[in-house]
1. Rg and Dmax of the chain, using alpha carbons, in Å: what are they?
2. So what's the angle, to the nearest 10 degrees on a 0 to 90 scale, between helix 210-222 and the longest Cα principal axis of the chain?
3. Rg and Dmax in Å for the stretch 227-266, alpha carbons only: what are they?
4. Which GluC sites (Glu not before Pro) in the stretch 199-239 sit in a loop by DSSP (not H, G, I, E or B) and have at most 12 other Cβ atoms within 10 Å of their own Cβ?
5. Scaled to the compact-protein estimate 2.2 N^0.38 Å, what is the alpha-carbon radius of gyration of the stretch 96-240, rounded to two decimal places?
6. Dipole of the chain, Cα-centred, from +1 at each Lys and Arg C-beta and -1 at each Asp and Glu C-beta, to the nearest 20 debye?
7. If the label point is 7 Å along Cα→Cβ of Phe244, which residues in the stretch 151-165 have backbone nitrogen under 18 Å from it?
8. Can you give the percent of C-alpha pairs in the stretch 142-209 whose distance is more than 14 Å?
Amino acid sequence: MIEDAGPAGWTVERAVTELLDRETGRRAGGRLTDRWTELDLPTAYRVQDALVRRKVESGETIVGVKLGLTSRAKQERMGIASPLTAWLTDVMVLPEGEPIPLGSLIHPRVEPEIVFVLGERLAGPGVTAASALSAVAAVHAGFEVIDSRYTDFSFALPDVVADNASSSRFLVSASGLPPERLDLAAEECRLAIDGKVVDRATGAAVQGHPAEALALAANALSERGIALEAGWTVLTGGLTDAVFAEPGRHISAAFTHLGSLTVTGA
């Protein structure tokens, strides 16, 4: 489909090409919104969806979604009422024990997350935290490696949505627990760098409860005709601030009941 070009000739497909070129070329650049001033949130999601279609056409498989801006305070600052959503593909999976491939990324940061693996399809509207949690088969510890295609991680809301919410790599613990065995709002995570604890948070940092974030995301996705499928992985949002991955730096997360994970930059 040929799109009408916006200011300076910007279209959804042009934005996709620009972002993918930055990703493959390992180069950051300026905000799209500085040049495409009419880029709004609905259009940014069109860019995001077109970007993941390009990835699927190149052989990648969608394996789940990630949630971003799951802090209520951050949502209020950005003028939104629910978390951002973005896509996960199989190429983003970082097997446990493998280092972060710094040579393939731009300026990666790491954040610990509570991760859901869905046992049932979850489709809005009308999803509640309780119905969202009933669709979860297992809860895992996880890390997300974010890697913005914007200089110094500087972006407006439409920019980060178009860039698939800085998605890059993610790591999920091999073993999980059923959600009914956990108090996820109280589940604590301690983030450490080279053995020194630098931050800590509980699941309440994610929308008050990770299931609340999942419900809001499912309902928001339904407005675009998208459901969360059984077997998908859902990264529920960063529990703490992200820390930079550097060569030889060991980043670990110790959870109350979900176990511990460590990643190293190489």
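1. 17.7, 54
2. 30 degrees
3. 13.5, 39
4. Loop-located and lightly packed - Glu223.
5. In units of the globular-protein estimate, the stretch 96-240 measures up at 1.07.
6. 240 debye
7. 151-155
8. Value for the stretch 142-209: 73 percent of Cα pairs lie more than 14 Å apart.
Read the figures in this text as sums done on the coordinates, not as results from a lab. Because the structure is predicted, anything quoted here is derived from the model rather than measured. Ideal geometry is used to build each Cβ from the backbone, glycine not excepted, and the neighbour counts take in all protein chains shown.
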